[in-house]
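Only one structure is covered here, and it is reproduced in the block below.
The values are calculated or read from the model by the stated rules, or taken from the named source; none is laboratory data. It should be emphasised that the depicted structure is a prediction, and the values quoted were computed from it without experimental measurement. Here the Cβ is made from the backbone with ideal geometry for all residues, glycine too, and neighbour counts use every protein chain on show.
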Amino acid sequence: MQVTPPRSLRELFAGFLAIGARSFGGVMPWAHRTMVEERRWMTQADFAETIGLCQFLPGPNIGNASIVLGKRWFGLAGSIVAALGLYALPFIWVLALAALYSEYAAQPTVRALVTGVGAAGAGLFIGTAVKLGRALARKPAALVLIAATFLAIAIGRLSLLFVMPAALLVAYLAARRGLL
Amino acid sequence: MIVEIALYFAALSCIAFGGLPSVVPEMQRYVVDVQGWVSADDFIHLFAIAQAAPGPNILFAGLVGWKLAGLPGALVALGAICTPAAVISWWVSGLWEKYKEAPRRIALQRAMAPLVVGLIFSGGFVIATPGPVPDWRLWLIAGAAAVAMLASKINPLWFLGAGGALGVILLS
């Protein structure tokens, strides 16, 4: 497949704006569609590799992808422009929704509806965790670490700032011994 | 308060492996339980709004800032949760080719996987359990959404919509 990276900052901005504007229900499918299928900025393999890198990094995957790709194509200016393009419209959207909600927040029906949406959103997290967890289910050490993390954070309510470094060290040692 | 939230979110940004879902339980603990800046009900409502809006779900952090200090709060909170991770991304992406196949990097990635799964489970659990006593109706909606998501490939917005409808039926 013939790929042509964006030729100008303006084109880069427009592409990421298009991703952000349409990404109801999850950004990643729209990022793929915009950059690989419609604009042909990169190949499928390149996209998968970039997302692989971004999953390894802390922070939002797609936000990190905007930084990494912007840098690759236009340096620092590219990173800034891509990130701004990505966040601009969703930021306005989310604040508009929040303002709308504030108007009606006193109504019990509205509160019940929004709480229901939140609970369903929590369910999507649980579904995601199950999906990711399936790949690890055959490794007993992984199951122990999943359970320990859950107990420490969700039940014990310990601070992630302490749990993360400690758990990462234990998990890293386990991984080096071939347990993960 | 805005300075505190900026510093705290910036620290979370550096350890947010797995993105927003991994740090949601910690955000809830800090802004609801420790500081009392946001009520447990408001937290789940802000989360719902962020999930229903388009865009990266990290925008939820911006909404928390908005609740605390309006538009400046939103900009500062979103900037704080994104910038340190962006700087790390900028820096690490240059090293990626060199270390992609390094055994230590691969071990680190394998180490992260179960922690991220445990944290995303925790995020779901904490959001669906806003009070000290679990509410079976919220667990039912969350469980139904999880099962529906695993069983189908349709846009997850449909499950959020269905969750809202169930909320109106069960909660009001």
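On the given criteria, is A:Arg176 at the interface with chain B (Cβ under 7 Å from one of its Cβ atoms) and either acidic (Asp, Glu) or on the phi > 0 side of the Ramachandran plot (or both)?
On the way: at the interface with chain B (Cβ under 7 Å from one of its Cβ atoms): yes; either acidic (Asp, Glu) or on the phi > 0 side of the Ramachandran plot (or both): no.
So A:Arg176 does not fit the description; no.
Of the residues A:Leu113, A:Leu136, only one is in a helix (DSSP H, G or I) and either under 22 Å from the mean Cα position of the chain (by Cα) or farther than 30 Å from A:Glu11 by Cα (or both); which?
A:Leu113
Those helices (runs of 4 or more DSSP H) of the stretch B:1-84 in which at least 1 residues are over 18 Å from A:Ile126 (Cα atoms), considering only elements entirely within it, cover B:2-14, B:40-52. When the stretch A:149-180 is examined, which residues are found to be of a type in the set (Ser, Thr, Tyr) and part of a helix (DSSP H, G or I)? The answer is A:Thr149, A:Tyr172.
Each residue in the stretch B:129-172 was checked for being within 7 Å of another protein chain (Cβ to nearest Cβ), surrounded by fewer than 20 Cβ atoms within 10 Å (Cβ to Cβ) and of a type in the set (Val, Ile, Thr), and 1 pass.
Among the residues of the stretch A:81-110, those identified as within 30 Å of A:Leu9 (Cβ to Cβ), touching a helix residue (DSSP H, G or I) at 6+ places or on another chain (Cβ under 8 Å) and within 9 Å of chain B (Cβ to nearest Cβ) are A:Ala83, A:Leu86, A:Tyr87, A:Leu89, A:Pro90, A:Phe91, A:Val94, A:Leu95, A:Leu97. When A:Val68, A:Val94 are screened for being under 18 Å from B:Trp90 (Cα atoms) and surrounded by 17 or more Cβ atoms within 10 Å (Cβ to Cβ), only A:Val68 passes.
Kindly indicate whether any position in the stretch A:25-48 is in contact with a Gly (Cβ under 7 Å, 6 or more places away or on another chain), without any contact (Cβ under 8 Å) to a residue 60 or more places away in the chain, within 9 Å of another protein chain (Cβ to nearest Cβ) and over 23 Å from B:Leu108 (Cβ atoms). Taking every residue of the stretch A:25-48 in turn, at least one turns out to be in contact with a Gly (Cβ under 7 Å, 6 or more places away or on another chain), without any contact (Cβ under 8 Å) to a residue 60 or more places away in the chain, within 9 Å of another protein chain (Cβ to nearest Cβ) and over 23 Å from B:Leu108 (Cβ atoms). Going through (1) in a loop (DSSP other than H, G, I, E, B); (2) farther than 22 Å from B:Ala61 by Cα; (3) hydrophobic (A, V, I, L, M, F, W, C) one by one, A:Ala45 falls short only on (1). Considering only the stretch B:46-77, how many residues are closer than 16 Å to A:Leu84 by Cα and within 7 Å of chain A (Cβ to nearest Cβ)? Selection size over the stretch B:46-77: 7.
A single member of B:Phe125, B:Phe43 is within 7 Å of chain A (Cβ to nearest Cβ), within 24 Å of A:Val117 (Cβ to Cβ) and either of a type outside the set (Asp, Glu) or without any contact (Cβ under 8 Å) to a residue 24 or more places away in the chain (or both), and it is B:Phe125.
Screening the candidates A:Ala96, A:Ala122, A:Ala83 for the property of being part of a helix (DSSP H, G or I), aliphatic (A, V, I, L, M), at pLDDT 95 or above and more than 30 Å from B:Val87 (Cβ to Cβ) yields one hit, A:Ala122. Across the stretch A:125-155, the number of residues qualifying as exposed (fewer than 15 other Cβ atoms within 10 Å of the Cβ), of a type in the set (Gly, Ala, Ser) and at pLDDT 95 or above comes to 1.
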